[in-house]
Structures are given as C-alpha cells and as structure tokens.
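Asks: Got a structure for you, questions after.
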Amino acid sequence: MIIVVAGGLYGYKEYTRTNKKLDGVKADFTTAADALISEFDVKDSASYKKYDDKIIEVTGIMKNSSLENFTIFLGDPGKLSAVKCELDTSFRNNTVFPAIGSEVKVKGHFVGFQKDEMMGLGMDISLNRCIILNNEKK
C-alpha cells in the first residue's frame, strides 16, 4: 500500500511540474550569436555536449521574428544560420519585440540544433523559454 501511495504522489508531482522561469536564473554561458553559430559550425557534437541542458545568454542582431509563434532569430542577416529563440509566453504581456536589425540580448535554455549539410541552408541553434533582457514595457 505504501508503494502505491508513494508512486501516486510521485506521478502527481511530475504531472504538475512546471519549468522554472529564467528571469532570476544566472546563465551558464554568455556569448555572441555569431560566435555560438561558429562554434557549432566547427565542432557540433562537442558544442552540443558543452551546452546541453544549459542556460545561455546570447547577444546578436535580430534578423527575423515570428510574432504568432513568439519566436525571434538572432545572427548575421547575410547568412542562413541563426540562433532560434522561442520566447517564454508567460512574459507575453511584458515583452516588446525589438525591431529587425537591432541588437538584442536574450537568455534561454539550450535544447539542440539542426544542421543542413546536404542543401547548405545553414543551421538553427534552438533555445526555449527565452526572455529578452532589459526590454520590458514600462
């Protein structure tokens, strides 16, 4: 009986678990978007191991956005690769989207990357639960 109750409590705890908001969390790494992209371009598997499940603060030029998906892309506008930042929707009402071409600083949780070696279409380095730093509505 104790095992069943303990299992039920554990299951409930996991079912109701939420992700920690990143606004008060210290970043494990701070880097520029172009430097992060270059690092993955040279040694993608070693870079993946380095950043896996880490919080990264990234500064870069906003090259594109998808307001309906609450996503921004940082990197060199002349290149296909980007750091894809899926913004934390709990900050939706306090976030002002920067203009394309402006410098943006975000903090997010690294979740992986996608590299297109066959077609030469660049890569996306993916961060989720991102927040735009110093960019809240007054």
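The values are calculated or read from the model by the stated rules, or taken from the named source; none is laboratory data. Please read these numbers as outputs of a predicted model, since none were measured by experiment. So basically every Cβ, Gly included, is an ideal-geometry build from the backbone, and we count neighbours across all protein chains shown.
Asks: If you take the residues in region 70-125 that are among the small types (Gly, Ala, Ser), surrounded by fewer than 18 Cβ atoms within 10 Å (Cβ to Cβ) and in contact with a helix residue (DSSP H, G or I) (Cβ under 9 Å, 6 or more places away or on another chain), which one is modelled with the lowest pLDDT? Steps first, answer last, please.
Replies: Applying the first criterion (among the small types (Gly, Ala, Ser)) to region 70-125 yields 75, 78, 81-82, 90, 99, 101-102, 108, 112, 120, 122.
Cutting the leftovers down to surrounded by fewer than 18 Cβ atoms within 10 Å (Cβ to Cβ) gives us 78, 90, 99, 101-102, 112, 120, 122.
From the residues that got through so far, the ones that are in contact with a helix residue (DSSP H, G or I) (Cβ under 9 Å, 6 or more places away or on another chain) too are 112, 122.
Details: Gly112: 92, Gly122: 79.
In this case the residue turns out to be Gly122.
Asks: If I ask for residues that are touching a residue at least 40 places away in the same chain (Cβ under 8 Å), closer than 22 Å to Val25 by Cα and not small (Gly, Ala, Ser), which ones from region 104-130 would you list?
Replies: Within region 104-130, Val104, Lys105, Val106, Lys107, His109, Phe110, Ile125, Leu127, Asn128, Arg129, Cys130 meet the criteria.
Asks: Let me ask something else. List pairs: first in region 43-72 and under 12 Å from Phe29 (Cβ atoms) and part of a helix (DSSP H, G or I), second at pLDDT 90 or above and not polar (S, T, N, Q), Cβ under 7 Å, 6+ apart or cross-chain?
Replies: Ser47/Glu39; Ser47/Phe40; Tyr51/Phe29; Tyr51/Phe110
Asks: Just give me the residues in region 40-97 being acidic (Asp, Glu) and more than 14 Å from the chain's Cα centre (by Cα), in sequence order. Steps first, please.
Replies: So in region 40-97, the residues acidic (Asp, Glu) come out as 41, 44, 52-53, 57, 68, 76, 86, 88.
If the condition is that a residue be acidic (Asp, Glu) and more than 14 Å from the chain's Cα centre (by Cα), then Asp41, Asp44, Glu68, Asp76 are the ones that fit.
Asks: Another question, then. All but one of (1) out of contact with any Phe, Trp or Tyr (no Cβ under 9 Å at 6 or more places or on another chain); (2) surrounded by 12 or more Cβ atoms within 10 Å (Cβ to Cβ) hold for Ser65; state the number of the condition that does not hold.
Replies: The single condition Ser65 does not satisfy is (1).
Asks: If a residue must be closer than 23 Å to Asp44 by Cα and among the acidic types (Asp, Glu), how many such residues does region 59-110 contain?
Replies: Going through region 59-110 one residue at a time, the tally reaches 2.
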